[in-house]
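The values are calculated or read from the model by the stated rules, or taken from the named source; none is laboratory data. In this text, all values refer to a predicted model and were calculated from it rather than measured experimentally. For neighbour counting, all protein chains shown are included, and Cβ atoms are generated from backbone atoms with ideal geometry for every residue, glycine included.
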Amino acid sequence: MAYHKIISLVPSLTELIIDLGLANRLIGRTRFCIHPADVVDEIAIIGGTKNPNIEKIKALQPDFILANKEENRQEDIEELQKDCYVHLTEIDTIEDALIAIIEIGTQLGAKEKAEDLVQQIQNTLSQKEDYKPLRTAYFIWKEPWMVAGSNTYIHEIMKEWNLENIFSNQSRYPEIDLSILKDDSPNLIILSSEPYPFKEKHIAEVQKFCPNSQIVLLDGEWFSWYGSRMVHSFNALNEWRKCV
């Protein structure tokens, strides 16, 4: 079956669809779908990832909706499935992401481009060096403070670049008290740019509890966007890891 009216509820997969040469089929995207800006600006916004406008989506009569188990709410997916075909992805590892690229490309008639993209990603991965291990905490939210634990794509990216997640014994995105860092001071603390937009002022707040840790602000897309952004992200991670 050919799909001609696509709505994406997943920012990184919106970019993937465009990079597969299928922008002319995208009829809707979330307000968080920001890449590439010159293309997405022309595509209708149908709400956010957690609060899509269901009625607006149905009115557009899509024949293919891209969703993700983590990014989107189960109740929204189930409601959309009553009237539309929803391709639901679940991406917790790099391998999951590569498989999803091939599956999406194949379903949408862009299998060769998808395979070429996967090859580019694998080539970038092969350029990793033997980086020294760093015991690391990766923060995604404030009030409450939340970190990335195991069973997440972020955790898998950390592991790939030898950033030993000190919260790997906890699943998904646990809430923590900063005082825990006093007893288990990591080598490195990453304050991500998304989903919470950490800024320079937050470094001092965390530093009080772990004065000997290196604390950095990093682009959250490097660790949490899959699809075609993986090429850029993995190149950026390779360059950054040479310096820490």
Starting from the stretch 116-127, take each residue that is on the phi < 0 side of the Ramachandran plot and list its partners that are at pLDDT 95 or above and small (Gly, Ala, Ser), counting only C-beta distances under 7 angstrom and pairs at least six apart or across chains.
117/228
Across the stretch 9-47, which residue is surrounded by the fewest Cβ atoms within 10 Å (Cβ to Cβ) among those that are within 23 Å of residue 233 (Cα to Cα) and polar (S, T, N, Q)?
30
When the stretch 1-44 is checked residue by residue, the ones that are in contact with a Leu (Cβ under 8 Å, 6 or more places away or on another chain), under 15 Å from residue 67 (Cα atoms) and part of a loop (DSSP other than H, G, I, E, B) are 5, 9, 10, 30
Looking at (1) surrounded by 15 or more Cβ atoms within 10 Å (Cβ to Cβ); (2) not small (Gly, Ala, Ser); (3) not in a loop (DSSP other than H, G, I, E, B), which is the only condition residue 201 fails?
(1)
